[in-house]
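Below: one structure, written as structure tokens.
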């Protein structure tokens, strides 16, 4: 489910990057973290964005993300309503 959204985000964010460099960035992104070279790490760091993406901004930019996230958010909220209250900490 997330793979098409990831591809869409990558396409959107890398529109203005030259094709050769874009391919290198995508390859670095798809490479397992422990197998990336120093050059790949540097490339990803150079094009990294703030990971604290606001949900509203992401939803406006990519409506598919909002449509995919809304049912998940509703399911989580429903599940939290049914959870028992937290246990009291042990007293000594």
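No value in this document is a laboratory result; all are computed from the given coordinates. Just so we're clear, the structure is a prediction, and the values are computed from it rather than from any experiment. Cβ coordinates were reconstructed from backbone atoms using ideal geometry, including for glycine residues, and neighbour counts include every protein chain displayed.
I'd like the FRET efficiency for residue 24 and residue 73, computed as 1/(1 + (r/R0)^6) with the beta carbon distance as r and R0 of 25 Å, rounded to 0.05. Write down the numbers at each step before the final one.
On the way: r = 35 Å, r/R0 = 1.39.
The pair residue 24/residue 73 has a calculated efficiency of 0.10.
Estimated from the Cβ-Cβ distance and a Förster radius of 35 angstrom, the FRET efficiency linking residue 42 and residue 83 is about 0.20.
Between residue 6 and residue 35, the modelled labels are 1.3 nm apart [label points 7 Å from Cα along Cα→Cβ].
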